[in-house]
Amino acid sequence: DDRIMVFGSTEQLDILQSVDDFLVDGTFKVVPEIFYQLYIVHGIYRGHVVPVLYALLRRKNAVTYQRLINQIVEFAPHWYPRSFMLDFEQACINVLDASFPHIALSG
C-alpha cells in the first residue's frame with residue numbers, strides 16, 4: 001500500500017499558490033509506524049520560511065513523490081513554483097524536474 005496523507009489549511013494552500021520559491025525536506029523519527037517519513041513543503045513568504053504542506057509518506061521513491069505532486073496540484077491548481085531547494089534525494093529531484101521542467105533545483 002502506497003498511501004499518502006497530505007495536510008494543509010486553506011491559508012497554507014493560498015500561500016503555496018502565491019509564492020515562487022520552496023524548500024522541501026523529510027524527517028523520519030516523528031512519524032507513526034505505518035508511515036516512513038513526514039515530508040514538509042516550506043514556502044518563502046514575505047521574507048520568512050513558512051510551512052505550507054505536510055505529507056505522511058509510506059515510501060521514499062519516485063512513484064510516491066509523483067503521487068504527492070499530483071495531490072498538491074489537485075488541491076492547488078494555481079501552483080507555479082519557480083525554484084526548489086532540497087536535499088540530494090534523487091527520486092524527488094527527478095520527479096520535480098519532470099513535473100516542472102523550467103524550475104531551478106538546488107540541493
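No value in this document is a laboratory result; all are computed from the given coordinates. Being a predicted model, the structure only gives us computed values, none of them experimental. Heads up, the Cβs are rebuilt from the backbone with ideal geometry, glycines too, and the neighbour counts pull from every protein chain shown.
Quick notes
- With the helix formula -39500 (n - 2.57) applied to DSSP H stretches of n ≥ 4, the chain reaches a computed 222 nm mean residue ellipticity of -9500 deg cm²/dmol.
- Modelled FRET efficiency - R0 22 Å, Arg58 with Glu11, Cβ distances, 0.05 increments: 0.20
- Rounded to 10°, Cα long-axis angle of helix 62-75 versus longest principal axis of the chain: 50
- From the Kirkwood radius over Cα pairs of the stretch 1-93, Stokes-Einstein at 20 °C and 1.002 mPa s returns a whole-number translational diffusion coefficient of 160 µm²/s.
- Cα long-axis angle, helix 90-99 against the chain (0 to 90 degrees, to the nearest 10): 50
- Label zone at Asn70 (point 7 Å along Cα-to-Cβ), backbone N below 20 Å, the stretch 1-33: 1-8
- Placing pseudo-labels 7 Å out from each Cα toward the beta carbon at Ile40 and Asp2 gives an inter-label distance of 2.6 nm.
- Distance (nanometres) between label positions extended 7 Å along Cα→Cβ at Ile103 and Ala91: 1.8
- Computed from phi, the 3J(HN,Hα) profile of the stretch 34-45 under the Karplus parametrisation 6.51, -1.76, 1.60 (θ = phi - 60°) reads 6, 10, 9, 8, 9, 9, 10, 9, 10, x, 8, 10 Hz, with x in place of Gly and Pro.
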